[in-house]
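Structure incoming, see below.
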Amino acid sequence: MAWNFFSLSPLTTKYRKVTTSEIPTCLVLKGVKYICSSSAIYLEHFINRDRSVNSDSFYASLIDNSTHKRHLDQIHSRLLVSGLQHNGFLMTKLVNGSSNLAQICYARKLFDGFCFPDVFMWNAIIRSYSRNNMFRDTIDMYRWMRLTGVHPDGFTFPYVLKACTELLDFGLSCLIHGQIIRYGFGSDVFVQNGLVALYAKCGRVSVAKVVFDGLYHRTIVSWTSIISGYAQNGESMEALRMFSQMRNADVKPDWIALVSILRAYTDVDDLEQGRSLHGCIIKIGLEDEPDLLISLTALYAKCGMVMVARSFFDQMKTPNLIMWNAMISGYAKNGHAEEAVHLFRDMISRNIKPDSVTVRSAVLASAHLGSLKLAQWMDDYVSNSNFGSCIFVNTALIDMYAKCGSVESARMVFDRNSDKDVVMWSAMIMGYGLHGQGWEAINLYTTMKQASVFPNDVTFVGLLNACNHSGLVKEGWKLFHSMKDFEIEPRNEHYSCVVDLLGRAGYLGQACAFIMKMPIEPGVSVWGALLSACKIHRCVTLGEYAAKKLFSLDPYNTGHYVQLSNLYASSRLWDRVAHIRVLMRERGLNKDLGYSVIEINGKLQAFHVGDMSHPMANEIFNELQILERRLKEMGFVPHTESVLHDLNYEEKEENLSFHSERIAVAYGLISTAPGTTLRITKNLRACVNCHSAIKLISKLVEREIIVRDANRFHHFKDGLCSCRDYW
DNA sequence: GTAGGGTTAG
């Protein structure tokens with residue numbers, strides 16, 4: 001093929017060579033390939049001399065090859081000069097060309113200047129808005145189109161449906177669905193696939209299924225739409241059932257379908273099936289598909305195999321943003337918060353721009369770590385970034401501050417957001433609950449309703465939790481019963497809160513009767529709440545009943561065995577304590593090792609029970625002994641029942657004072673200036689003995705000590721705890 | 001000129 005390196009200079013009619021500094025576009029006309037520069041429009045003079053060239057196809061090629069708005073400007077002016085401004089084909093091409101260059105205003109100007117748009121022209125402008133994520137405008141244009149009497153066609157609806165999907169407007173979707181049927185596209189597979197995806201994304205997957213079932217001919221897109229629909233709505237098992245139906249129908253999955261199926265396996269933690277699908281992917285030869293690598297990363301990370309996940313991440317030479325997000329959130333959500341933060345910092349130092357998903361995951365990881373210093377760093381980072389007004393990120397910040405011990409900072413983030421949704425309100429309510437500020441939570445709920453924000457199921461989990469942590473039995477009971485006013489079906493979480501609330505307050509009989517009347521099968525959390533109430537009130541028979549339920553529902557959770565053993569120990573039933581120990585050994589379970597983390601000068605230091613490994617161990621134990629002596633002088637009597645095993649008295653006492661939280665306190669005291677607040681995070685729930693001891697210590701040393709246990713926060717000050725001994 | 005996916009707040 002001949003290459004003609006030329007274009008016409010705008011100033012002369014002579015040809016000139018294209019200089020290398022000009023980036024040319026290609027143009028193929030009648031088998032001759034031309035390179036045209038920005039002044040390529042002047043080729044027209046040449047072409048016009050050659051009458052055999054059709055001007056429509058010439059301009060069409062020119063538009064297709066335009067890489068800059070200035071090209072379109074030139075072409076448009078030529079069309080005007082040549083009287084071609086009413087040529088629907090060319091003007092539609094021009095609109096499409098503009099939208100491809102994200103010149104949506106320009107596209108609209110062209111459209112408005114066109115007197116009698118046909119369906120092609122309408123589709124072009126509707127497509128422009130949809131492709132540029134301007135979904136309200138997409139719908140507006142569609143409405144206007146119908147008003148002018150132009151009938152939409154099979155190309156119109158996919159764009160309109162895409163807009164409905166993004167707007168999550170169920171009412172609008174139904175309306176459009178009606179119009180699709182009226183205009184006769186009830187069996188157009190493209191349009192129907194759009195409907196399946198739309199209903200699924202609106203959370204109406206059963207409606208999506210009806211549309212899917214009505215499809216006469218199903219393409220891989222139809223199957224992917226319904227499978228991902230189930231997966232996105234938390235119905236992974238149904239998604240996987242559809243996948244096997246798809247295989248029975250002999251439809252071969254492509255990589256997009258595989259991504260959806262992997263997601264379903266990820267959601268149900270099915271590593272075995274996920275692995276076998278991974279094998280299939282390798283067999284088909286799709287293992288290097290970047291988007292499948294991302295899904296595999298998410299799968300292995302979710303199933304705890306972060307090293308494998310990391311190997312996929314490392315395999316990608318230049319991971320895209322979603323891969324970074326998958327890896328960071330994989331770390332953050334699966335017990336590797338430190339790695340998550342590390343990777344996030346790595347990303348920033350490499351000048352890769354995070355998005356709101358990345359930042360949210362990093363904030364989530366910081367919440368897990370519990371370091372207030374890191375929390376403040378994250379907050380600063382967000383304030384200096386573009387995410388300062390992002391509701392997702394700010395909600396995560398509120399949750400993070402609450403979990404890092406500063407409910408005041410959480411409130412500051414909350415207050416600086418003017419646009420709050422129910423999730424943000426719920427996060428703040430949850431935060432108050434975590435810190436035992438029950439009334440603040442309830443008052444905030446009242447303010448929320450005044451602001452016309454409707455509560456959802458999570459709001460109530462937060463509220464009931466707050467009531468629990470503050471012993472607000474009546475208020476909690478009332479709130480629970482008000483759920484039906486908002487048509488919210490209580491879940492196991494809500495029921496367990498109520499059981500907790502009644503049980504702790506000593507209404508064990510009522511708690512039991514409440515469980516019996518539950519309309520759903522009581523889950524682990526419900527029986528767990530009953531058992532822990534039985535432990536507090538030393539009710540052995542009922543506790544044994546609850547424990548039996550727990551052992552059958554959740555046999556490998558060590559916590560239940562420890563709870564029951566503690567219940568026996570508190571009732572001095574040592575032979576039964578021993579029996580539990582045997583049971584645990586038989587089932588291969590070990591008591592979770594308690595550890596506490598304290599942050600000194602931004603550095604986290606962990607201690608486990610009786611930890612002697614620290615270089616300052618001698619000083620720490622010296623301090624522990626001083627504290628112990630002073631506690632005794634104040635008349636402190638250790639609660640020996642907090643020990644799981646049947647030990648003799650002295651041993652028990654020693655064991656207690658070497659609990660990890662006590663060691664962390666001692667280390668904190670000798671490592672910080674007088675008056676400094678100590679912040680400690682414990683992996684298990686606070687033990688009764690340490691709780692009483694730390695209360696007194698806070699008074700003795702005149703320090704505020706904040707301890708986050710597995711359930712909530714304890715603010716120790718002046719000999720008292722914010723939980724008022726209610727936890 | 002049409003449609004499907006992956007990371008995703010409490």
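The values are calculated or read from the model by the stated rules, or taken from the named source; none is laboratory data. The shown structure was predicted, so the numbers you read here are calculated from the model rather than taken from an experiment. With ideal geometry, Cβ positions are generated from the backbone for all residues, glycine too; neighbour counts draw on all protein chains shown. For accessibility, only protein heavy atoms count, side chains too; no ligands or nucleic acids. Shrake-Rupley method; radii C 1.70, N 1.55, O 1.52, S 1.80 Å.
Among what's in the stretch A:179-192 and is more than 7 Å from DNA strand B (Cβ to nearest atom), in contact (Cβ under 8 Å) with a residue 12 or more places away in the chain and among the hydrophobic types (A, V, I, L, M, F, W, C), pick the residue that is nearest to residue A:143 (Cα to Cα).
Only one residue tops the list, namely A:180.
Given the structure, is residue A:400 open to solvent by 20 Å² or more (accessible area, probe 1.4 Å), within 11 Å of DNA strand B (Cβ to nearest atom), free of Cβ contacts under 8 Å to residues at least 60 places away in the same chain and of a type outside the set (D, E, K, R)?
So residue A:400 fails the test.
Starting from residues that are open to solvent by 50 Å² or more (accessible area, probe 1.4 Å) and assigned to a helix (DSSP H, G or I), keep the ones in the stretch A:322-345 and report whichever is farthest from residue A:364 (Cα to Cα).
By that ranking, first place goes to A:322.
Before we move on, is residue A:686 open to solvent by 50 Å² or more (accessible area, probe 1.4 Å) and not in a helix (DSSP H, G or I)?
no
Starting from the stretch A:500-513, take each residue that is under 20 Å from residue A:463 (Cβ atoms) and list its partners that are open to solvent by 40 Å² or more (accessible area, probe 1.4 Å) and assigned to a helix (DSSP H, G or I), counting only C-beta distances under 6 angstrom and pairs at least six apart or across chains.
Listed by first residue and then by second, the contacts come to A:502/A:510.
When residue A:63 is evaluated against the numbered criteria (1) closer than 21 Å to residue A:122 by Cα; (2) away from DNA strand B (no atom under 14 Å from the Cβ); (3) not acidic (Asp, Glu), which criterion, by number, is the only one it fails?
(2)
Quick one: in the stretch A:276-291, of everything that is of a type outside the set (Lys, Arg) and open to solvent by 70 Å² or more (accessible area, probe 1.4 Å), which residue is farthest from residue A:311 (Cα to Cα)?
At the first step, the residues of the stretch A:276-291 found to be of a type outside the set (Lys, Arg) are A:276-282, A:284-291.
Pick out the ones that are also open to solvent by 70 Å² or more (accessible area, probe 1.4 Å) and you get A:282, A:284, A:288.
Values: A:282: 16, A:284: 21, A:288: 13 Å.
Ranking the candidates gives A:284 first.
Which of the residues spanning the stretch A:326-358 are of a type in the set (Ser, Thr, Tyr) and within 12 Å of DNA strand B (Cβ to nearest atom)?
The answer is A:329, A:331, A:356, A:358.
Listed residues A:532, A:470; which is closer than 26 Å to residue A:407 by Cβ, touching a residue at least 60 places away in the same chain (Cβ under 8 Å) and either open to solvent by 60 Å² or more (accessible area, probe 1.4 Å) or of a type outside the set (D, E, K, R) (or both)?
After applying the criteria, what remains is A:470.
Separate question: When the residues of the stretch A:381-392 are narrowed to those that are more than 8 Å from DNA strand B (Cβ to nearest atom) and assigned to a helix (DSSP H, G or I), which ends up surrounded by the most Cβ atoms within 10 Å (Cβ to Cβ)?
A:382
Would the stretch A:359-368 turn up any residue that is more than 8 Å from DNA strand B (Cβ to nearest atom), open to solvent by 40 Å² or more (accessible area, probe 1.4 Å) and modelled with pLDDT under 95?
yes
Specify the residue that is surrounded by the fewest Cβ atoms within 10 Å (Cβ to Cβ); the eligible residues are those in the stretch A:689-727 that are within 15 Å of residue A:598 (Cβ to Cβ) and basic (Lys, Arg).
The selected residue is A:703.
Still on this model: Regarding residue A:565, is this residue small (Gly, Ala, Ser), touching a residue at least 60 places away in the same chain (Cβ under 8 Å) and either under 20 Å from residue A:686 (Cα atoms) or in contact with a Leu (Cβ under 7 Å, 6 or more places away or on another chain) (or both)?
So residue A:565 passes the test.
Does residue A:101 satisfy the condition of being aliphatic (A, V, I, L, M) and either outside the structural domain of residue A:119 (by TED's automatic domain parsing) or out of contact with any His (no Cβ under 9 Å at 6 or more places or on another chain) (or both)?
no
Right, another one. Please pick out the residue among A:195, A:215, A:168 that is in the same structural domain as residue A:115 (by TED's automatic domain parsing) and within 12 Å of DNA strand B (Cβ to nearest atom).
On the way: A:195 fails: in the same structural domain as residue A:115 (by TED's automatic domain parsing); A:215 fails: in the same structural domain as residue A:115 (by TED's automatic domain parsing).
The match here is A:168.
Okay, moving on. If we keep just the residues of the stretch A:301-319 that are open to solvent by 60 Å² or more (accessible area, probe 1.4 Å) and farther than 16 Å from residue A:341 by Cβ, which is farthest from DNA strand B (Cβ to nearest atom)?
Result: A:307.
If you go through the stretch A:657-676 one residue at a time, do you hit one that is at pLDDT below 85, surrounded by 13 or more Cβ atoms within 10 Å (Cβ to Cβ) and over 38 Å from the mean Cα position of the chain (by Cα)?
yes
Examine the stretch A:494-505 for a residue that is surrounded by fewer than 18 Cβ atoms within 10 Å (Cβ to Cβ) and either within 26 Å of residue A:592 (Cα to Cα) or not aliphatic (A, V, I, L, M) (or both), and state whether such a residue exists.
There is no residue in the stretch A:494-505 that is surrounded by fewer than 18 Cβ atoms within 10 Å (Cβ to Cβ) and either within 26 Å of residue A:592 (Cα to Cα) or not aliphatic (A, V, I, L, M) (or both).
Okay, next question. List pairs: first residue in the stretch A:283-308 and without any contact (Cβ under 8 Å) to a residue 12 or more places away in the chain and within 14 Å of residue A:261 (Cβ to Cβ), second residue open to solvent by less than 40 Å² (accessible area, probe 1.4 Å) and not charged (D, E, K, R) anywhere in the structure, Cβ distance under 9 angstrom, at least six positions apart or on different chains.
A:284/A:253; A:284/A:258
Considering only the stretch A:268-287, how many residues are away from DNA strand B (no atom under 13 Å from the Cβ), part of a loop (DSSP other than H, G, I, E, B) and more than 13 Å from residue A:240 (Cα to Cα)?
Result for the stretch A:268-287: 2.
Considering each residue of the stretch A:427-439, count those that are in a helix (DSSP H, G or I) and either within 15 Å of DNA strand B (Cβ to nearest atom) or crowded, with 22+ Cβ neighbours inside 10 Å (or both), and give that number.
So the answer is 9.
Give the residue that is farthest from residue A:543 (Cα to Cα), with candidates limited to residues of the stretch A:476-491 that are touching a residue at least 24 places away in the same chain (Cβ under 8 Å) and open to solvent by 40 Å² or more (accessible area, probe 1.4 Å).
Looking at the filtered set, the residue picked out is A:486.
Turning to a different aspect of this structure: Say we look at the stretch A:268-286 and pick out the residues that are charged (D, E, K, R) and within 26 Å of the chain's Cα centre (by Cα); which of these is nearest to residue A:326 (Cα to Cα)?
Looking only at the stretch A:268-286, we keep the residues that are charged (D, E, K, R), and these are A:269-270, A:272, A:275, A:283.
Next, from what is left, pick out any that are within 26 Å of the chain's Cα centre (by Cα): A:269-270, A:272, A:275.
Details: A:269: 16, A:270: 18, A:272: 20, A:275: 18 Å.
Restricting to residues being charged (D, E, K, R) and within 26 Å of the chain's Cα centre (by Cα), the top hit is A:269.
Counting only residues that are away from DNA strand B (no atom under 12 Å from the Cβ) and hydrophobic (A, V, I, L, M, F, W, C), give me the helices (runs of 4 or more DSSP H) lying completely in the stretch A:98-161 with at least 2 of them.
A:104-112, A:135-147
Another question, if that's okay. Could you list all residues from the stretch A:447-463 that are more than 13 Å from DNA strand B (Cβ to nearest atom) and either within 27 Å of the chain's Cα centre (by Cα) or not assigned by TED's automatic domain parsing to the domain that holds residue A:508 (or both)?
Our first condition is that a residue be more than 13 Å from DNA strand B (Cβ to nearest atom); within the stretch A:447-463, this holds for A:447, A:449-452.
Result: A:447, A:449, A:451, A:452.
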